[in-house]
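Heads up, the thing below is written out as structure tokens.
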Amino acid sequence: MKVGIAGAGSIAFATAALLHQMGHAPMLWSPSGAGTEGLRAGGALRATGAIETTFTPALAGDACELASECDVIVLAIPGYGHKAVMDSLIPCLRAGQPVIISSHASFGALYLADQLKARGIDLPVTAWGTTVVTGRKQAPDHVQVNTVRSLVDLCTVPAAESDAGKALCEQLFGERFNLRDGLLAITLSNLNPQNHMGIALANATRMEKGETWGQGEHVTPNVGRLLEALDRERLAIADKLGLPVRTIFEHFHLSFHVPVASISEMNQQMHELGRGGMGPATADSRYVTEDVPFGLAVTVALGRMSGCPAVLHQAGVEIFSAMYGRDFFGENDLLPAIGLERMNLDDLCQAASSGRLPEGGGRA
């Protein structure tokens, strides 16, 4: 199958490598153009680590070429790029053409589905709770794949397409997907924002000074306890909404294949096994610039709507805003676009199921 990937960073490259390994034909599109410069001369893309392969992916020059040439579209870009890339794709997508968001942020699946419906286009939008791979770019044509996850949560908008969405993902990426009960469950299934908050906050000076440091190694007992406390807030919101979601312990166990223990102990095991990864070597890291406005802020909003305040998550947004001299709550462009502040929980649940915003929502 021809699969178009919007994105050309480490996750996009690793996703392309997995698709190639599964026998599919990936095409990459870099929205800025910079991400595929190293491949433009016909050079091969090399993947090492959890996936060992070398191949030459097709390259698209723009969003419409990606959409017209491919059967399926995968968004593999940071959350702060989702709305702009969706807006580029919306005029080009065709009815019935599936879109997969890896990974979902700030109800972007709802924004995309509603914008398309307003233009008379119906297609399934599948949202993942996290990426199917983790990795780090080593060079313009080389990605180190740290892990291929054994289980990824997903749902599809509209909800009636969920079984078909799961079947498609399994056809493309293998039998590693778990169907969750809707977009709110997927939103609360993404543990990266809470985990990255604790890691980035506790290692901020390492990031700012550009040091080389092992991430798993530096999830010390104090950092581990902070991650566990953040997880309890997220789980409390999910429980209030009646949504079963994975715990942080299950996340690390299933993603990095280590026995369940304290979060610090699990990360130390990951480090010893070479699966702990490297921490960000810049303050301009997705751990902050993506996960704070497009992850933590969403958990805060759901906590407020459900009457279950996410105090630590809110403190994280405010602390990072003070540290960076930015308004990270204000940097989220998807929540205003769907008009979340004008919705109650019933509105949001109905919209997430149907893919149609209520009257007074954010449709342009």
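The values are calculated or read from the model by the stated rules, or taken from the named source; none is laboratory data. Predicted model, so just to flag it, every value in this text is computed and none were measured. Neighbour counts run over all protein chains shown; Cβ positions are idealised from the backbone, glycine included. To get the accessible areas, we keep the full protein, side chains included, count just its heavy atoms, and leave off ligands, DNA and RNA. Shrake-Rupley method; radii C 1.70, N 1.55, O 1.52, S 1.80 Å.
Between the stretch 60-119 and the stretch 1-32, how many Å separate their Cα centres?
14
Below 8 Å, C-alpha to C-alpha, sequence gap of six or more: please give me the relative contact order for the stretch 104-180 in percent.
It comes to 27 percent, rounded to a whole number.
Might you tell me the accessible area per residue for the stretch 59-162, computed with a 1.4 Å probe and given in Å²?
Using a 1.4 Å probe on heavy atoms only, each residue of the stretch 59-162 averages 29 Å².
Taking amide H positions as placed in the peptide plane 1.01 Å from N, state which residues far from residue 328 in sequence (5 or more) or on other chains have amide H under 5 Å from it.
321
For 175, 69, 211, write out the residues from largest to smallest accessible area, computed with a 1.4 angstrom probe and no ligands counted.
So the residues, ranked largest to smallest area, are 175, 69, 211.
Under unit Cβ charges (Lys, Arg +1; Asp, Glu -1), what dipole magnitude, rounded to 20 debye, does the stretch 205-325 have relative to its Cα centre?
Magnitude of the dipole: close to 220 debye.
What part of the accessible area of the chain, given as a whole %, is carbon or sulfur when the probe is 1.4 angstrom?
The nonpolar share, carbon plus sulfur, comes to 50 percent.
Going by the alpha-carbon gyration tensor, a ≥ b ≥ c the square roots of its eigenvalues, is the stretch 39-148 rounded (a/c under 1.5) or, if a/c is not under 1.5, prolate (a/b greater than b/c) versus oblate?
prolate
Taking every pair of alpha-carbon atoms in the chain, give the share separated by more than 26 Å as a whole percent.
47
For residue 175, project a label point 7 Å along Cα to C-beta. Then give me every residue of the stretch 125-151 with its amide nitrogen under 20 Å of that point.
Inside the label zone: 132-133, 148-151.
Where the only charges are on Cβ atoms (+1 Lys, Arg; -1 Asp, Glu), what is the dipole of the chain about its Cα centre, to the nearest 20 debye?
Magnitude of the dipole: close to 160 debye.
If I model a spin label as a point 7 Å beyond the Cα along the Cα-Cβ vector, how far apart are those points for residue 202 and residue 87 in nm?
3.8
List the cysteines in the chain whose Cβ has no other cysteine Cβ under 4.7 Å from it.
Cys with no partner Cβ under 4.7 Å: 70, 155, 169, 308, 349.
If you project the alpha carbons of the stretch 1-100 onto the principal axes, what extent comes out on each, in Å, largest first?
Per principal axis, max minus min of the Cα coordinates gives 35, 26, 25 Å.
On each of the three principal axes of the Cα atoms of the stretch 130-284, give max minus min coordinate, whole Å, ordered largest first.
Over the stretch 130-284, Cα extents along the principal axes are 49, 41, 30 Å.
Given the options 315, 297, 127, state which has the largest fluctuation in a GNM of the chain using a 10 Å cut-off (strictly under) for Cα springs.
Per the Cα network of the chain with a 10 Å cutoff, 315 tops the list.
Averaging sequence separations of C-alpha pairs under 8 Å and six or more residues apart, then dividing by the length of the chain, give the relative contact order as a whole percent.
16
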